[in-house]
Each structure stands twice: as structure tokens, then as C-alpha cells.
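The values are calculated or read from the model by the stated rules, or taken from the named source; none is laboratory data. This structure is a prediction, so every number in the text was calculated from the model and none was measured. Positions of Cβ are backbone-derived with ideal geometry, glycine not excepted, and every protein chain shown enters the neighbour counts. Side chains are part of the model used for accessible areas, which takes the heavy atoms of the whole protein and leaves out ligands, DNA and RNA. Shrake-Rupley method; radii C 1.70, N 1.55, O 1.52, S 1.80 Å.
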Amino acid sequence: MPVTINDVAKEAGVSTSTVSKVLNNWTTISPATATRVHQAIEKLNYIPNARAVSFARKSTKNIVFLTYLEKDSAYLNPHMFDIMCGAYNELSKYDYTMTLQDISKDTVKGESVSRLLSTKICDGIIIHGSAINSTIAETIVNQNFPHIIIGHPGFESRLCWVDTNHALAGHLAAQHMIEHGYTSISFIGGQKTDELSFQRQKGFLGTMYQYGYQVPDERIFYSNSTTEEGYLITKEILNAPKRPRGIVCENNTLAVGSMKAIEQSGLSLPDDIAFLTFDAYPYSNIIVPKPTVVDINVYDMGVQAGNMMIRKLENPSLLVQSFTTIPVIHQGLTT
């Protein structure tokens, strides 16, 4: 039969509550008593039940990662999994587990979060930016529940969040193109309502303007961020009476289609046209020739979220609203 906490208590000559307190590092237990209990644990080869220890601490040692997990999520939102890996790696250093929670089946906004808080199965929640809404925000803020949002929520609140400065990424892209002499540019972005795309575009256009270069409206394109649209928009750009000197794609899904159109046109990169995109993952590494990329280390963003989650648990009053991961330029053969 497995050794129980009662066996340890009997061996050490103490009560089961004393054994529990020793396991949970209570400072009210004398060193001599703690030593006897630890000796009994070692002698009997007792393995404490992790859930029982956590319950005694009023802690689950579990963090929930809240997101949408619909079919094809790995392809439509590949960065999410790198973020999760970074967060888990950091949390595991502090002996926390991480559980996935899908909200795609919620019939009422905030249903999953309300259930998590009422059942008390986690100490905190990391929320992917795509999953946050005003109902969830109000629930966790009102209950002062430890949380970190991946990405700026898009509205002013007392939510805790970490993000990459996407406007800075756009600034770096423009600065790089200008430094290499490419000032006549077309910009292919995502949807007008996409906050990330908007911030990258804002940083890019603002920096071009700051250096004295105007990007006319007819050279700014919006899309649903598909390879097909990247291809079709680029064909339109290349067939225009006055072709730009460079193309910037807001994400590398668009970049795959754009590069295909450039290849079919017979133009040489970067002699005939320069090219730049954002994000090294998931497609930039398979584009030939290798593109210049403004890269966002999303794994690091997950690490930062995990670290901030630990800090939030230690200090519940801490308000975290921070750009934590800095974008960098990786120059390829296209600029």
C-alpha cells in the first residue's frame, strides 16, 4: 500500500496537520519538529500529493492560457503557439503548470472566464489578445484576478498586458528602406480594422513622412492577409504605369504571394524592386531569395508574459502595461 500522510505523522510522532504545515513551509513549526518530519518522509519514501499541497497553500500552481482553438488555428495564428511555449517555459521554472482553455465554444461572452474563476482551478490567466473582449475585461478587473493579456487590448482599461511595439517595427522598416535608397514604396497591409497591421502601417508611414517622403493613398493596400491577395495586389502594383521602387508586406503570408508575383514578372531583386516583410515565422524562411525581415521574437513575448504573471501573483496590486519585446531587422537578399 502507498505511504500516506498519516504514516508520516505516526513515524514522526506528530499530527497530520503538522506534517501538512511542514510540507507547506510554515514558519510556525520549530526546526526540530520540521527535521523529524523530513526524516520520516525520507525514511518512508513518502511522495506528497501535489494537488493536496497546493490546496493547503490555497494555490493550484496552475495558470490557464485562454485563447481560440478552432480548426486550422495552427495555420491561421501560428505565433500563438510560440507564445505559449515561451510562457510555459518561464512558468515551469517556478513549478507552475499551464492549461489551455478554448473559448471558441462559448455561447455567452465571458462564459469560460466566469467558470474558471468560480471553480478556482487556476491562480491566474494568460489571455491571447484575440480572445479578449470587454466582458472578460470587466470580469477579471472587478474580481482583481491575476492576469496578463498578450497584446494591447485595443481599449483603455486597468487590464495588465505585454506587447511588442508594432509601430516601432513599422518605423524600423521605413528607416531601413530609406537608408538603402528606396523611397518610392507600396505598402500591403491587413484589414483596416486589424490593430497590429494598423500599428505597423502607422509606424511605417509616419517615419516615411518624417524623413520627407510621402506614400500616396493609391500605394497603400488593405487585404485579408492571404497569399492569394498578396499575389493579386502585387500584380496590380507591378503593372501600374509608374512602378514603385520597393514593396513592403505587413506579414509573411502576404509576402509569399507577393514574391510569387515578383518572380513571375521576371524582375530582379533588389536591382529592379526591393522587398521587405515582417515576422520570420512561419513562411519567411522558405521564401527565395531570402527576404529582409523585421522580426518579432514572439517566443520572448511569451517568456515575458510568464515572468509578468509570476510578478503579478507575488504582488496582486501590480499594474503591468508594457511593450516588452523589441523588433529587430534581419537583412536578406531582397533589399
When Pro241 is run through (1) surrounded by 21 or more Cβ atoms within 10 Å (Cβ to Cβ); (2) over 20 Å from Thr193 (Cα atoms), the failure sits at (1)
All but one of (1) farther than 21 Å from Leu172 by Cα; (2) open to solvent by 10 Å² or more (accessible area, probe 1.4 Å); (3) not aliphatic (A, V, I, L, M) hold for Tyr283, so report the exception by its number. (1)
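For the range 215-243, what are the residues that are of a type in the set (Gly, Ala, Ser) and either within 18 Å of Asp272 (Cβ to Cβ) or in a loop (DSSP other than H, G, I, E, B) (or both)?
Filtering the range 215-243 down to residues of a type in the set (Gly, Ala, Ser) leaves 223, 225, 230, 240.
The answer is Ser223, Ser225, Ala240.
Residues being open to solvent by 40 Å² or more (accessible area, probe 1.4 Å) and in contact with a helix residue (DSSP H, G or I) (Cβ under 7 Å, 6 or more places away or on another chain): count how many of those fall in the range 14-27. Before you say what the answer is, go through the steps one by one.
Step one: filter the range 14-27 for residues open to solvent by 40 Å² or more (accessible area, probe 1.4 Å), giving 15-17, 21, 25-27.
Filter once more, so that each one left must be in contact with a helix residue (DSSP H, G or I) (Cβ under 7 Å, 6 or more places away or on another chain): 15-16.
The qualifying residues number 2.
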Conditions: (1) open to solvent by less than 70 Å² (accessible area, probe 1.4 Å); (2) aliphatic (A, V, I, L, M); (3) modelled with pLDDT under 90. Leu333 meets all but one. Number of the miss? (1)
Please work out which one of (1) within 19 Å of Leu196 (Cα to Cα); (2) buried (at least 22 other Cβ atoms within 10 Å of the Cβ); (3) of a type outside the set (D, E, K, R) is the condition Ser258 fails and give its number. (1)
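Could you check how many residues of the range 125-151 are at negative phi and either polar (S, T, N, Q) or surrounded by fewer than 21 Cβ atoms within 10 Å (Cβ to Cβ) (or both)?
Let us first name the residues in the range 125-151 that are at negative phi, namely 125-143, 145-150.
Applying the additional criterion that residues be either polar (S, T, N, Q) or surrounded by fewer than 21 Cβ atoms within 10 Å (Cβ to Cβ) (or both) yields 129-130, 133-135, 137-139, 141-143, 145.
Of the residues in that region, 12 qualify.
Take the range 172-205 and flag every residue that is assigned to a helix (DSSP H, G or I) and more than 19 Å from Phe275 (Cα to Cα). Working first, answer last.
The first filter runs over the range 172-205 and keeps only residues assigned to a helix (DSSP H, G or I), leaving 172-179, 195-205.
If the condition is that a residue be assigned to a helix (DSSP H, G or I) and more than 19 Å from Phe275 (Cα to Cα), then Glu195, Leu196, Phe198, Gln199 are the ones that fit.
Here is a list: Gly181, Gly189, Gly170. Which entry is under 17 Å from Gln331 (Cα atoms) and open to solvent by less than 10 Å² (accessible area, probe 1.4 Å)? Full working, then the answer.
Numbers: Gly181 fails: open to solvent by less than 10 Å² (accessible area, probe 1.4 Å); Gly189 fails: under 17 Å from Gln331 (Cα atoms).
Within the list Gly181, Gly189, Gly170, the selection yields Gly170.
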Restricting to the range 50-86, count the residues that are part of a loop (DSSP other than H, G, I, E, B) and at pLDDT 75 or above. 10
List the residue pairs whose Cβ atoms are under 7 Å apart, where the first residue sits in the range 247-273 and is of a type in the set (D, E, K, R), the second is open to solvent by 40 Å² or more (accessible area, probe 1.4 Å), and the two are 6 or more positions apart or on different chains. Lys260/Tyr231
